[in-house]
There are 2 protein chains.
Amino acid sequence: MKEVAQAAGVSTITVSRVINTPEIVKEETRNRILKVMSELQYQGNQAAKALVTKKTRVVHIFISQNIKLTNPFAMHFLAGVSDGLSERHYSFLVRREWDHPYKCDGIITMSVTADQENLIKEKFDVPVVLFGHSLPNYDWVDVDNYQGAYEMVQYLIALGHRDIGLIVINENRQFVSDRINGYKQALSDNGIPFLSERIEFAENKEDVGYIKTIELLERTTITALFCMSDELALGAIRAARLMKKNVPHDLSIAGFDGLGYERLTDPAITTVHQPVYQVGQELAKVLVERMEQPDTPLIHKMITPELRKNKSVFKANH
Amino acid sequence: MKEVAQAAGVSTITVSRVINTPEIVKEETRNRILKVMSELQYQGNQAAKALVTKKTRVVHIFISQNIKLTNPFAMHFLAGVSDGLSERHYSFLVRREWDHPYKCDGIITMSVTADQENLIKEKFDVPVVLFGHSLPNYDWVDVDNYQGAYEMVQYLIALGHRDIGLIVINENRQFVSDRINGYKQALSDNGIPFLSERIEFAENKEDVGYIKTIELLERTTITALFCMSDELALGAIRAARLMKKNVPHDLSIAGFDGLGYERLTDPAITTVHQPVYQVGQELAKVLVERMEQPDTPLIHKMITPELRKNKSVFKANH
DNA sequence: CTGAAAGCGCTTACAG
DNA sequence: CTGAAAGCGCTTACAG
């Protein structure tokens, strides 16, 4: 910077201004400095800047220990966040614990509990944006789980289904109750009673989906089955095959997630696509906005998932 | 730091030593300072440290523009790198272009060409570790593509197959020729002639795998087909079904990658699992080693992929 | 084993 | 619109 200043015949302060607030430098001076900067291939020293501005340009991503980084959901999320932050020249790292020797400018959390959310806000004095939020007084970006489930069930009903089973992921989290409510509301809007015998609760695994589907098929006369994940739906398809039910003609099966796996089965699964990558990008964008303009009012961004019609769902066979 | 020094009755220099070279501080003094540090919840200022040590603790990942971040290979890679760097308290970002306003301590590249590798080495004066390397005089971590292909073809031959087709990804890259060589060597070691009519070249897409498999089945009498990716293998399975060939009884189909998709088809695909996540972790480890100990001799780490036997391959049906 | 002094490369008030 | 001075919080030789 000193070299640039010397070569351009100005002080370092003016060079600094060209970088940070170019509009207050006379155009002529500014151009001369810019020219010298590119000639000398000037690269700013972020550390020096950080020392005085207290900005690190580093973001920490909190992902709770019990989510494996290799699960598709986490990977899409991470890829999206990575893309969104990288293009804005912020670097980041993933934290799984509370301890960390270095500071950051902002935090993104994925699926942490309300308690953890408050702890983070309290412990770190930097902006926080949530994905899978539990509390309202934070910035967050989320997927509209209610709407996704509602649309799927509406679609099934429109195809003539009235006996519609539901396999619920048995986790005590917001997205689960949102999806249940979407299911209920769609039934209610169409005058179909909600029967608890059509509901099963399952750990989010293929083989649990398999078992629960067998139980449902033995107990009820459902013509369509809505699973809260594609993984569960995969198990459901396998179970239907075992029970000699043709999918989709004897039993329509729908899933949730749409992260790519759904297209590989035969039949491909009709699902609610969660744009997790895009959510990651949005989280990055919102956090950068908040970091660079702290006074922005609370940002809440709900992203509507997309119904993806495939071959696992068909008209009801009356 | 000044506060800590004052409270412990020493100079800041000694505090600095406790952090960086604790062994040269008298034990008594050291313990006193450590106690004060934890009492005062001292958090070092990385920016100040960076300013004087010229270390940013930021790594840049170069991924060429034509690889989408949402493809499973890239996502596993990124997740692994993320894990490896994060646990060592390095942050990172993904670069897709040459321009960038900030400096970094080290670079990891994924699948860039020899020209780009040299350009990076020349342009940036920091350690570089390669994945999918083209040049020998760099640190790299890689998957042994030759060995993976060799083992798969050996396995097919052991099951009695002699007419083994191959669908090659038509990209001019090292991993492609390595896999072709593995295929050739396995044939040759078993006295089976290499026939070019059993080879097809294909863009790495499901529907191209589908088309090329049909051509192979019309032209040859293969009993097994080795595809250079699971995506191609998916297309191959679909083609076999069209041609009324039972998989695996009439035609065994094998793939490459093993990133999760292979288990969702019916039958699940026998494949060569590339541990891309683990490769990512290794890359991070090697780079950190290199950054922290620049004099380490060149590091070349070849990771052997794993043959995963599933239902898409069976004994030859003579 | 410990400390006084200088300096890393920027930005922030404050003047002019 | 531009500049002189001070300072951000550390570490690096150099002494002792």
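The values are calculated or read from the model by the stated rules, or taken from the named source; none is laboratory data. All values derive from a computational prediction rather than experimental measurement. Here Cβ is always computed from backbone atoms with ideal geometry, including for glycine, and neighbour counts include all displayed protein chains. Surface accessibility is based on the protein's heavy atoms, side chains included, excluding ligands, DNA and RNA. Shrake-Rupley method; radii C 1.70, N 1.55, O 1.52, S 1.80 Å.
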(request) Looking only at region A:28-41, decide whether some residue is near DNA strand D (Cβ under 8 Å from one of its atoms), outside the structural domain of A:LYS103 (by TED's automatic domain parsing) and loosely packed, with under 15 Cβ neighbours inside 10 Å. (result) yes
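Taking B:MET1, is it more than 9 Å from DNA strand D (Cβ to nearest atom) and either assigned by TED's automatic domain parsing to the domain that holds B:ASP115 or among the aliphatic types (A, V, I, L, M) (or both)? Can you show your working first?
Working: more than 9 Å from DNA strand D (Cβ to nearest atom): no; either assigned by TED's automatic domain parsing to the domain that holds B:ASP115 or among the aliphatic types (A, V, I, L, M) (or both): yes.
The answer is no for B:MET1.
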(request) Would you mind finding the one in B:ARG198, B:ARG162, B:ARG173 that is in contact (Cβ under 8 Å) with a residue 60 or more places away in the chain, surrounded by 16 or more Cβ atoms within 10 Å (Cβ to Cβ) and not assigned by TED's automatic domain parsing to the domain that holds B:ALA114? (result) B:ARG162
(request) Could you tell me which numbered condition A:HIS76 fails, if it satisfies all but one of (1) in contact (Cβ under 8 Å) with a residue 12 or more places away in the chain; (2) within 12 Å of DNA strand C (Cβ to nearest atom); (3) closer than 30 Å to A:ALA114 by Cβ? (result) (2)
(request) Scan region A:264-278 for residues that are among the hydrophobic types (A, V, I, L, M, F, W, C) and either at the interface with another protein chain (Cβ under 10 Å from one of its Cβ atoms) or buried (at least 24 other Cβ atoms within 10 Å of the Cβ) (or both) and jot them down. (result) A:LEU264, A:ILE269, A:VAL272, A:VAL276
(request) Test B:ARG17 against the criterion of being farther than 30 Å from B:VAL112 by Cβ and away from DNA strand D (no atom under 13 Å from the Cβ), and give yes or no. (result) no
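Do we have B:ILE67 as more than 10 Å from chain A (Cβ to nearest Cβ), touching a His at 6+ places or on another chain (Cβ under 6 Å) and closer than 17 Å to B:GLY280 by Cβ here?
No; evaluated as a whole, the condition is false for this residue.
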(request) Kindly provide the set of residues from region B:16-59 that are in contact (Cβ under 8 Å) with a residue 24 or more places away in the chain, more than 30 Å from B:PRO101 (Cα to Cα) and of a type in the set (Val, Ile, Thr), ordered by number. (result) B:ILE19, B:ILE33, B:VAL36
(request) Take region A:282-302 and flag every residue that is open to solvent by less than 60 Å² (accessible area, probe 1.4 Å) and either over 20 Å from A:PHE62 (Cβ atoms) or part of a helix (DSSP H, G or I) (or both). (result) A:GLU282, A:LEU283, A:ALA284, A:VAL286, A:LEU287, A:VAL288, A:ARG290, A:MET291, A:THR296
(request) Could you figure out which of (1) loosely packed, with under 15 Cβ neighbours inside 10 Å; (2) facing chain A (nearest Cβ under 10 Å) isn't true of B:PRO22? (result) (2)
(message) When you check A:MET110 against the structure, is it open to solvent by less than 10 Å² (accessible area, probe 1.4 Å), within 14 Å of another protein chain (Cβ to nearest Cβ) and farther than 28 Å from A:ALA47 by Cβ, yes or no?
(response) yes
(message) Can you go through B:LEU119, B:LEU130 and tell me which one is away from chain A (no Cβ under 14 Å), under 16 Å from the mean Cα position of the chain (by Cα) and over 20 Å from B:VAL272 (Cβ atoms)?
(response) B:LEU130
(request) Could you list all residues from region A:3-25 that are within 11 Å of DNA strand C (Cβ to nearest atom), more than 17 Å from A:ASN45 (Cβ to Cβ) and not hydroxyl-bearing (Ser, Thr, Tyr)? (result) A:ILE24
(request) Determine which single condition B:ASP99 fails, assuming it passes every other condition in (1) open to solvent by 60 Å² or more (accessible area, probe 1.4 Å); (2) of a type outside the set (A, V, I, L, M, F, W, C); (3) closer than 23 Å to A:ASN71 by Cα. (result) (3)
(request) Give just the number: which of (1) within 13 Å of chain B (Cβ to nearest Cβ); (2) open to solvent by 10 Å² or more (accessible area, probe 1.4 Å) does A:LEU78 not satisfy? (result) (2)
